[in-house]
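Contents: one structure, followed by commentary.
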Amino acid sequence: MRKVGILVVLFMLLLGACGSQETGDESVNEPAAHNHTANSSQQGGGAGTTAETADTAMAAGSESPKKPESGIEEKQYKIDGTMEFDGEKYSIAATTDLTLSKANYGGEHIYGEGHIHVYLNGKVAGPIVDDQPFPINDLLLKEGSNTIKIVLAGNNHSEPYNAEKSFPDIVK
């Protein structure tokens, strides 16, 4: 009879452990577990699944806006700039409220972070990854009128921010 009692207790513990595991898995699959705004303590777990750990790391290490379900940034980032000419060459002094990231350039897209694409006559002329003026290579300018455009871009080179500025009529 004692063996039966021990088996019943072990069986109950086993069932209890399986039930709590299912609950943990369900919380990982809930949409809130993937919005990168809630950490594992807010999800009611702390078991440390890979998804919970990633969400916790994102919530703790990033204050940038999160991607809404529509796929469009929640915050509308802005870009501005001036074209400067020093008598020999042009340069762009760009300003933005987007966090420019040299370290994550070319990496995974992090909302609120990225770089600036520079287009010269419709072709990519280079990235701006910091707040330093960007020199325009005189060899790339064609004779006559040129158009330069700067566009906010994500780390992965996507352009989800819908922000740009053009400088038409740059003459060589």
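Just so it is clear, none of the values below were taken in a lab; they were calculated from the coordinates. In this text the structure is predicted, and so the values were computed from the model without any measurement. Cβ coordinates were reconstructed from backbone atoms using ideal geometry, including for glycine residues, and neighbour counts include every protein chain displayed.
Some points to look at:
- Among the residues making up the stretch 150-162, a single one is surrounded by 14 or more Cβ atoms within 10 Å (Cβ to Cβ), closer than 16 Å to G122 by Cα and in contact with a Leu (Cβ under 8 Å, 6 or more places away or on another chain): L152.
- Some residue of the stretch 105-118 being under 20 Å from the mean Cα position of the chain (by Cα), of a type in the set (D, E) and buried (at least 17 other Cβ atoms within 10 Å of the Cβ): yes
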